[in-house]
Amino acid sequence: MFSDIDKKYAYDGSDLGSVYTPEKTTFKVWAPLADNVAICLYHTCRDEKPYRHLPMTKDKKGVWSKVVFGDLDGVYYTYIVTNDGVEQETIDLYARSAGANGAMGMVLDTSKLNPAGWDSQNYVKLDHYTDACVYELHVRDFSIDPSGHFCYKGRFLAFIEKGLVNDSGDSVGIDHLKELGVTHVQLMPIFDYVTVDETDIHRPQFNWGYDPLNYNVPEGSYSTNPFDGKTRVAELKRLIYALHEAGIGVIMDVVYNHTAGTADSCFTKTFPEYYYRQWNGERNVYANGSGCGNELATERAMVRKYILDSLVYWMTEYKIDGFRFDLMGLYDTETINMAYEKLHAINPNVIMYGEGWTGADSPLPWEERCMKLNARFTPNAGYFSDDFRDTVKGNNFENKTKGYVNGASGNEENVKEIISGRIPHPQLPNMEKYSWTSTPAQTVNYVEAHDNLTLWDKLYYTNSTDSVDTRKRMDKLAAAMVFLSQGIPFFQAGQEFLRSKPFPGGSVFDHNSYKSPDAINSLKWNRKSEFKDVFNYYKGLIALRKAHNAFRMYDNADVAENLYFLDNLPQHVVGFLLKGDESLEEIVVFFNPNNYPVTLHAFGKYGVYVDAYYTGTEPCRTVEGDYEVEGISAIVLGRPREIPKEQNEETL
């Protein structure tokens with residue numbers, strides 16, 4: 001049925017939604033089987049009755065259209081769509097902004113909403129995915145805690161606030177991001193979602209936002225005035241401008257795999273059933289691979305077009321630098337590949353990655369899914385490496401299961417596999433069969449994200465009898481593995497100061513805080529000062545990674561040629577040598593998860609760039625001959641390249 005609809009009605013125009021000029025606005029909606037479509041215009045989003053009700057005309061390919069003359073900038077509108085004799089009012093699928101709670105779309109002259117300097121500002125440069133250092137962040141978490149002293153608590157505009165400090169005088173907010181050195185911030189959902197009531201934004205409400213309502217509309221609860229559709233657009237642009245001005249790219253967390261509701265969604269009201277997958281073609285038997293009640297049928301022509309149009313819109317209108325796809329296993333590979341082609345043509349610096357799994361089974365054929373094990377079919381998309389996560393800290397879903405840094409034994413070969421970026425490597429025979437990446441750029445390495453326990457809370461469950469200092473060493477070792485392995489490093493906001501999400505009482509921790517209160521979810525900025533040594537450790541690791549291309553190779557052949565695992569090491573210790581760096585002739589890295597020091601031997605003089613306490617781009621000391629690697633720690637040794645004699649003479 002739906003394939004026939006695609007053949008007959010698929011529309012390739014770029015003008016769906018409202019196309020504004022000061023003289024007129026053209027409205028177009030794709031509803032090929034509708035009996036009738038009309039448009040309603042409203043002065044405000046609180047109006048109960050429209051001031052104009054206008055019939056639309058059905059054109060080719062099932063597109064209904066209407067030209068309304070006059071300047072409609074700031075006017076709200078809805079469609080009334082009649083299907084099978086049932087009349088329903090709905091927001092435009094392509095609406096660019098909305099009033100409170102997303103019931104009405106808004107006609108916009110978006111050029112009037114750009115901050116000063118917007119047109120001259122460009123995307124953040126990213127030569128290769130592996131050059132990125134991604135920081136996952138929730139807009140409300142960022143600024144809602146009193147310790148941050150923000151004026152715009154929980155709002156987009158908190159990102160423009162500079163010069164703020166916590167109670168001990170350490171930088172917070174955007175100044176903290178710059179100090180830390182991340183290249184990209186991944187913002188958890190900033191599109192319009194359902195669960196926060198935008199008519200009462202001063203009442204404490206929280207949700208991660210994985211319940212989409214309007215995909216092309218910024219979330220109103222993050223704006224200072226949700227009742228004015230212009231405000232949310234203008235303020236989100238100011239957020240992005242501020243991050244770009246700081247040299248930080250913006251990655252948008254997108255959730256095109258499902259919608260918050262099914263029967264009451266704008267998709268169903270516009271064209272019942274078409275946008276969602278069904279089991280065995282049965283009417284209203286919706287697939288639920290998302291675990292949220294439905295899943296979008298990305299393989300259908302107009303669903304795919306909608307997703308591609310939406311991605312292009314966010315990139316062109318808001319200068320988004322990249323996209324993180326939620327439950328990417330529910331997307332078909334063709335859609336993701338087409339998305340990359342379109343986005344890369346606009347911004348060659350674009351980065352795309354996602355979750356290579358589903359929430360449950362789906363009718364989408366296995367071989368068409370953007371699953372981690374199908375990564376070779378989408379060579380320009382990265383995938384979160386749960387292999388990395390679970391190898392380092394233990395099973396993500398079992399609180400007390402240990403990993404490499406917190407006491408597990410016998411997984412040294414797994415550690416080597418994740419260090420190499422899970423690509424085929426001459427020293428790793430298993431990777432010939434079990435590698436799922438086509439390049440190191442396809443693996444997103446992490447030990448903590450918004451889902452499940454924070455790393456610090458996980459370490460409490462697995463090692464509650466160990467001291468805080470011992471668990472801090474485990475955290476630092478895990479961080480060293482994230483930033484010194486091949487692939488894309490990713491970490492959750494606050495991980496750099498041991499973020500924790502305790503329930504009241506402090507000994508039980510929230511593993512799924514999607515709707516928990518601010519007391520659990522907010523960034524406690526005073527922890528930066530309390531755990532300043534951990535913050536400095538992360539900061540130094542990021543700087544070291546940026547300084548040396550050997551830690552961020554992007555080609556399989558380079559990794560195979562320039563990464564060599566060392567043999568005959570003490571039990572549980574993993575070590576490797578890196579060559580091919582621009583400034584260091586040789587880099588040697590050792591991970592020691594044992595709770596005791598081990599003695600190693602340096603054949604020559606090396607600078608120490610990382611040890612149990614120090615990380616940085618300049619060595620803290622040198623070693624030669626026998627030296628110790630402290631328990632539960634990493635060490636990085638570097639030998640500078642010799643300056644050719646003739647070059648030395650020129651310098652003199």
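The values are calculated or read from the model by the stated rules, or taken from the named source; none is laboratory data. All of these numbers come straight from a predicted model, not from anything done at the bench. With ideal geometry, Cβ positions are generated from the backbone for all residues, glycine too; neighbour counts draw on all protein chains shown.
Yes/no matrix, rows are residues, columns are (1) without any contact (Cβ under 8 Å) to a residue 60 or more places away in the chain; (2) over 26 Å from residue 61 (Cβ atoms):
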| site | (1), (2) |
| --- | --- |
| 300 | no, no |
| 314 | no, no |
| 330 | no, yes |
| 397 | yes, yes |
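Remark: pairs (first residue in the stretch 557-569, under 11 Å from residue 416 (Cα atoms) and aromatic (Phe, Trp, Tyr); second residue modelled with pLDDT of 95 or more and outside any helix (DSSP H, G or I); Cβ separation under 6 Å; 6+ apart in sequence or on different chains) = 564/577; 565/427; 565/576.
Taken over the stretch 252-295, the criterion of being in contact with a Gly (Cβ under 8 Å, 6 or more places away or on another chain) and small (Gly, Ala, Ser) is satisfied by 261, 289, 290, 291, 293. Taken over the stretch 150-168, the residue count meeting the criterion of being touching a residue at least 24 places away in the same chain (Cβ under 8 Å) and more than 21 Å from the chain's Cα centre (by Cα) is 4.
Residues of the stretch 130-167 being among the hydroxyl-bearing types (Ser, Thr, Tyr), in contact with a strand residue (DSSP E or B) (Cβ under 8 Å, 6 or more places away or on another chain) and part of a helix (DSSP H, G or I), which ones? Across the stretch 130-167, the qualifying residue is only 130. Annotation note: of 216, 225, 288, the sole residue that is in contact with a Ser or Thr (Cβ under 9 Å, 6 or more places away or on another chain) and closer than 30 Å to residue 175 by Cβ is 225.
Residue-by-condition table, conditions (1) within 34 Å of the chain's Cα centre (by Cα); (2) basic (Lys, Arg); (3) closer than 17 Å to residue 476 by Cα:
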{"position": "556", "(1), (2), (3)": "yes, no, no"}
{"position": "573", "(1), (2), (3)": "yes, no, yes"}
{"position": "577", "(1), (2), (3)": "yes, no, no"}
{"position": "592", "(1), (2), (3)": "yes, no, yes"}
{"position": "602", "(1), (2), (3)": "no, no, no"}
{"position": "613", "(1), (2), (3)": "yes, no, yes"}
{"position": "622", "(1), (2), (3)": "no, no, no"}
{"position": "634", "(1), (2), (3)": "yes, no, yes"}
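Evaluate the following for residue 170: is it surrounded by fewer than 23 Cβ atoms within 10 Å (Cβ to Cβ), among the acidic types (Asp, Glu) and in contact with a helix residue (DSSP H, G or I) (Cβ under 7 Å, 6 or more places away or on another chain)? Judged against the criteria, residue 170 is a match. Please determine, by comparing only the residues of the stretch 491-516 that are surrounded by 18 or more Cβ atoms within 10 Å (Cβ to Cβ) and out of contact with any Lys or Arg (no Cβ under 9 Å at 6 or more places or on another chain), which one is farthest from residue 527 (Cα to Cα). Looking at the filtered set, the residue picked out is 491.
Please tell me if residue 471 is of a type outside the set (Phe, Trp, Tyr) and closer than 19 Å to residue 396 by Cβ.
On the way: of a type outside the set (Phe, Trp, Tyr): yes; closer than 19 Å to residue 396 by Cβ: yes.
So residue 471 fits the description; yes.
Scoring residue 129 on the criteria (1) within 28 Å of residue 73 (Cβ to Cβ); (2) crowded, with 19+ Cβ neighbours inside 10 Å; (3) among the hydroxyl-bearing types (Ser, Thr, Tyr) leaves a single failure, condition (1). Report yes if some residue within the stretch 117-140 is farther than 24 Å from residue 181 by Cβ, touching a Lys or Arg at 6+ places or on another chain (Cβ under 7 Å) and among the aromatic types (Phe, Trp, Tyr); otherwise report no. Checked the stretch 117-140: at least one residue is farther than 24 Å from residue 181 by Cβ, touching a Lys or Arg at 6+ places or on another chain (Cβ under 7 Å) and among the aromatic types (Phe, Trp, Tyr).
Only one entry of 52, 46 meets the criterion of being among the charged types (D, E, K, R), surrounded by fewer than 20 Cβ atoms within 10 Å (Cβ to Cβ) and in contact (Cβ under 8 Å) with a residue 60 or more places away in the chain, and that entry is 46. Residues considered: 454, 437. Of these, the only one that is within 30 Å of the chain's Cα centre (by Cα), closer than 16 Å to residue 387 by Cβ and crowded, with 22+ Cβ neighbours inside 10 Å is 437. Quick check, is residue 533 at pLDDT below 95 and under 30 Å from the mean Cα position of the chain (by Cα)? Against the criterion (at pLDDT below 95 and under 30 Å from the mean Cα position of the chain (by Cα)), residue 533 does not qualify.
Any residue at all in the stretch 403-414 that's in a helix (DSSP H, G or I), acidic (Asp, Glu), at pLDDT 95 or above and surrounded by 20 or more Cβ atoms within 10 Å (Cβ to Cβ)? Spell out how you get there, then give the answer.
The first filter runs over the stretch 403-414 and keeps only residues in a helix (DSSP H, G or I), leaving 404-406, 412-414.
From what is left, the residues that are acidic (Asp, Glu) are 412-413.
Those left that are additionally at pLDDT 95 or above: 412-413.
Checking the rest, the ones that are also surrounded by 20 or more Cβ atoms within 10 Å (Cβ to Cβ) come to none.
Taking every residue of the stretch 403-414 in turn, none turns out to be in a helix (DSSP H, G or I), acidic (Asp, Glu), at pLDDT 95 or above and surrounded by 20 or more Cβ atoms within 10 Å (Cβ to Cβ).
For residues that are among the acidic types (Asp, Glu) and in contact with a strand residue (DSSP E or B) (Cβ under 6 Å, 6 or more places away or on another chain), tally how many sit in the stretch 293-337. Working first, answer last.
Applying the first criterion (among the acidic types (Asp, Glu)) to the stretch 293-337 yields 295, 299, 309, 317, 321, 326, 332, 334.
With in contact with a strand residue (DSSP E or B) (Cβ under 6 Å, 6 or more places away or on another chain) added as a condition, the list becomes 299, 321.
Number satisfying all stated conditions: 2.
Looking at the stretch 204-228, which of the residues that are aromatic (Phe, Trp, Tyr) and under 22 Å from residue 77 (Cβ atoms) is surrounded by the most Cβ atoms within 10 Å (Cβ to Cβ)? Result: 215. Considering only residues that are touching a residue at least 60 places away in the same chain (Cβ under 8 Å) and among the β-branched types (Val, Ile, Thr), look in the stretch 574-600 and name the one that is surrounded by the fewest Cβ atoms within 10 Å (Cβ to Cβ). This residue is 574.
Residue count for the stretch 258-291, restricted to those that are surrounded by 17 or more Cβ atoms within 10 Å (Cβ to Cβ), hydrophobic (A, V, I, L, M, F, W, C) and under 24 Å from residue 78 (Cβ atoms): 4.
Of 201, 240, all but one fail to be farther than 22 Å from residue 78 by Cα and modelled with pLDDT under 95; the exception is 201. Quick check on residue 200: is it within 21 Å of the chain's Cα centre (by Cα), closer than 19 Å to residue 515 by Cα and surrounded by fewer than 21 Cβ atoms within 10 Å (Cβ to Cβ)? No; evaluated as a whole, the condition is false for this residue.
From 62, 85, 105, 74, grab the single residue that is under 30 Å from residue 263 (Cα atoms), crowded, with 22+ Cβ neighbours inside 10 Å, out of contact with any Leu (no Cβ under 6 Å at 6 or more places or on another chain) and not basic (Lys, Arg). Before you say what the answer is, go through the steps one by one.
Details: 62 fails: crowded, with 22+ Cβ neighbours inside 10 Å; 85 fails: crowded, with 22+ Cβ neighbours inside 10 Å; 74 fails: crowded, with 22+ Cβ neighbours inside 10 Å.
One residue alone meets the criteria, 105.
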